[in-house]
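First comes the structure, then the notes that go with it.
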């Protein structure tokens, strides 16, 4: 990642500078082969001049002409679009004729060029990453509309909408009109629904009004009249959901509990503590770095900022503690339960009891549980328990599914994706993942979570069997050691993982998982 | 107390021994004056012989004859009964003629004699102080039936029913038949209702069945058929309440919340933690001595084991934490709130967060709040807020009321009463009371508590004005220093007591309260 990005920056500086100064390009990639022969410098320069006519020098975009910013688009995304224009899947007469005229190697060179430029105009001010939701647009962008099955834009497009990797384009710097046009295109099936068909699904779940609000937000336009507050619960759920085959917009585990309205957080000392907890919950690695080992946020496993049923919602957890836990062999308070999250899921160390981080998180959970009955396990608490799969979970089937549906976000090596220092997609294994003591390491927990919630925004589109398979696959990789490690992997397995629901201490591909 | 009790034991040994051996009495009290001339030894011995005919040697009682144990009866109680027999207020033909025949000095000497004997037959096994309520009788004895306005017998008669002081007689060692007969006598007004008229009120609140159960319990009779469990909630509330003038049997603050059935505590690790918390709550000084400075139990301020509305019930408190507290200037968790109780109300030191004492208490509170809505202040939470009194609270009126209604239990010097090491009635001021930092030290809190709950079993029989007056009187006495003491009493008052609702730092009877 780092090497690639440095490389891109290097290209960007040299080409960008030469375009602006008019000097000749010194292009690093050699031109080889027939259809795969990359264009020469002058050829590329000519093509770029054509692009620039509408998209501006350096691909900054031209709002008046409806031409979007191209600078910083990921290679894969850029090529997919050019191809889609060329074959008419993405309907745009001008771009169709432009794209048709570009040979494959030229498309690749253009993709490389634009990918190497700055994603966001340095003069542009980022939209505030406003988790408090000062407007519906901001809320949709950074919190989503989960009751209607809409993840936050930033959950895939990254903080500030700066894009993630080669496939997920930036939103920042696009004009509101362009964003509206694209979302409407997806609704009208005038452009391909993109990886996993996700944007087609999401666009259909958005209300017309919400589209304009979120477009204004990313366009850096000041809040519109009527868009100065976090959405009420009614507004969050009021989206025009269009059911797509197999995609259930919201959890089918209906819950008896309605989370409090974000607007109800009071502007007082208590409310400030709630918001503090909320920020720690959303940006855990940033907000509580002293207790975090792997860059995972609470909200990575507890979707919709801890609100979502079947995703271990905070209101479900808060109301069932103190509870006896086999894992600790004693009754634990809610604060002690959170300590466990830090120790295992965050691969960090538990904040001491009474630490402001714990109090803020407990207060946030308490606020969210407002009105929920103490001591009653509500529907939607924890992750769903799937019945035993028909076939024993399979590594091979899991791997195939992973490559098809998970790599886009979590990466080929399960390493996740960052945007700057912020985790956009958490690592599923490896050094930066949760450790062998985490609940998500249990195959049944993971299968339940995956079934209900994965791929993000497309929960309940996998079969139970697929969820078990891919959970097994995920668990069949190395990750940070169990902090309860006792003398040997074998002994540690015996003490803490003596179950076919954990791969810890078993041998996969000739290597024992959890071996020191 | 200690001196008096040693004195009594000394008399008991000498007289008891001489009666048994038939040797002459060496009686310490000189016979002086006419009507007040105490009987001589032989005279007393003759009278005792008469008593013994029915009540047995050493006043052990004779169940077959229906004659109760007299040994260990408090002087005041004993005299009151003799007087009541004599004047016919307590209806009993035999005892009337007996009592009529005894001159005042003889009655006094008999009272002294019986008070000096062992309360309980040393061979007798105490009824188990069974807070878990293995039977309805046990529950009534040690937990009461608060929903019907019935305090536990042991709340006045002491642990094991051994009696308290000179006015509250033992129940242990009485035959079940005798206990039943007395409770029915009170119902039928065949005997005086006793101090504050309390026993008349209480007897009327008891079901016939409960009378037989509790009588069996104190009689040491094995559990009766149908009486092998803690009462269900329905049974607790199903008492035959007879409203007496001015006495409201249960809190008139109706609550929307029903506490869980004691029977629902599961027999598992969680349930054991709940019971552990319950025991600490009931017997705090015994169960958590390391954190307790003054011998006060949680249940001293939180009646009905923390269940009672308007008595700071646990279910009410549990559901409104974490909360911002002015007292600490920050959001506190429930565990931190309990720490405050130990520091101030228990005049001890706060158990560290995570301490088993805190976890057990939190678990008990959580269990009790089962089904209560998180974050909603339920009716009956805390103590009632009384409106400002018509007249400014008065020390003099408070003192007069205190002497009339409070001394019986809390003692003339507010020192409370113990039975062995167990607090029966907590101290209201002095070295063994809550300290100047406790919530009960605030006159408004105390007034609300007193109004709703005092005298015990006779809540809501005082006027608001009386509650304010006696609360002021209570607060106008010295007690342990505020642990937040800062340099001087004046400064400490300024920081923590700058309110006319605390007498801290003010001068009463020429002495500044809270002065070092």
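As an equivalent ellipsoid, the protein assembly as shown spans semi-axes of 79, 29, 23 angstrom, where each value is the square root of five times an eigenvalue of the C-alpha gyration tensor, largest first. Going from the fewest other Cβ atoms within 10 Å to the most, the residues A:364, B:504 appear in the order B:504, A:364. Axis of helix A:395-405 versus longest Cα principal axis of chain A: the two differ by about 50°, to the nearest ten degrees.
As a ratio to 2.2 N^0.38 Å, the alpha-carbon radius of gyration computed for region B:262-368 takes the value 1.00.
Counting every other Cβ atom within 10 Å of each residue's Cβ, B:283, A:302 order from fewest to most as B:283, A:302. Taken residue by residue and averaged, Cβ atoms of other chains lying within 10 Å of the Cβ of B:265-273 number 3. Across all directions, the average projected area of the convex hull around the alpha carbons of region B:396-450 is 4.2 nm².
Sorted ascending by nearby beta carbons within 10 Å, beginning with the fewest, A:466, A:80, A:494 become A:494, A:80, A:466.
Computed over chain B, relative contact order equals 11 percent, with contacts defined as Cα pairs under 8 Å that lie 6+ residues apart. Between residue A:121 and residue B:477, the simple label model (points 7 Å from Cα in the Cβ direction) yields a spacing of 7.9 nm. Here region A:323-340 is scanned for amide nitrogen atoms under 13 Å from the site 7 Å beyond the Cα of residue A:486 along Cα-to-Cβ, giving A:327-329. As a calculated quantity, the FRET efficiency between residue A:376 and residue A:36 at R0 = 60 Å, using C-beta atoms, amounts to about 0.40. Using a simple spin-label model with pseudo-atoms 7 Å out from Cα toward Cβ, residue A:421 and residue A:91 lie 4.7 nm apart. Distances from residue A:50 to itself in the other copies, using label points 7 Å out along the Cα-Cβ axis, amount to 13.2 nm in increasing order. Per residue of B:350-356, other chain Cβ atoms within 10 Å of the residue Cβ number 3 on average. Compactness check for region B:452-492: Cα Rg over 2.2 N^0.38 Å is 1.66. Distances, shortest first, from the label point of residue B:289 to those at the same position in the other copies read 5.0 nm; the point lies 7 Å along Cα to C-beta. Here each label is just a point 7 Å from Cα along the line to Cβ, and for residue A:188 and residue B:431 those points are 9.0 nm apart.
Short-range pairs are left out: with C-alpha atoms under 8 Å and at least six residues apart, the relative contact order of region B:395-512 is 26 percent. Among chain B residues, the beta-carbon with the smallest distance to the axis carrying B onto A is reported, with distance in whole Å, as B:353, 2.
Between region A:37-73 and region B:139-207, the alpha-carbon centres lie 95 Å apart.
In terms of its Cα atoms, region A:395-512 spans 41, 35, 24 Å along the principal axes, sorted from long to short.
A straight line joining the Cα centroids of region B:366-421 and region A:424-459 runs 53 Å.
Pairs of Cα atoms nearer than 8 Å and 6+ residues apart set the relative contact order; for region A:319-446 it is 24 percent. Plainly put, the tip 7 Å out from Cα toward Cβ on residue A:507 is 9.0 nm from that tip on each other copy, the closest given first. Kindly express, to the nearest 10 degrees and within the range 0 to 90, the angle between helix B:176-187's C-alpha long axis and the longest C-alpha principal axis of chain B. Roughly 70 degrees between the two axes. Applying 1/(1 + (r/R0)^6) with r as the Cβ-Cβ distance of residue A:49 and residue A:229 and R0 = 56 angstrom yields a FRET efficiency of 0.75.
Between the Cα long axis of helix B:75-87 and the first principal axis of chain B there is an angle of about 60°, rounded to the nearest 10. Once the gyration tensor of the Cα atoms in region A:136-237 is diagonalised, the equivalent ellipsoid follows with semi-axes of 19, 15, 13 Å, ordered largest first. Report summary: the helix-based calculation at 222 nm, which adds -39500 (n - 2.57) for every DSSP H run with n ≥ 4 and divides by the residues of chain A, gives -11500 deg cm²/dmol. Shielding of peptide B:370-377 by partners, expressed as the average count of other chain Cβ atoms within 10 Å per residue Cβ, is 6. Here r is the Cβ-Cβ distance between residue A:328 and residue B:258 and R0 is 30 Å; the resulting FRET efficiency, rounded to 0.05, is 0.40. Among B:312-319, B:354-361, the peptide with the highest mean count of other Cβ atoms within 10 Å heads the list, and the full ranking is B:312-319, B:354-361. Dividing the Cα radius of gyration of chain B by its Kirkwood radius returns 0.99 for Rg/Rh.
Coordinate-derived values only; no laboratory data. This one's a predicted model, so the numbers in the text were calculated from it and none came from an experiment. Cβ atoms come from the backbone with ideal geometry, glycine included; neighbour counts cover every protein chain shown.
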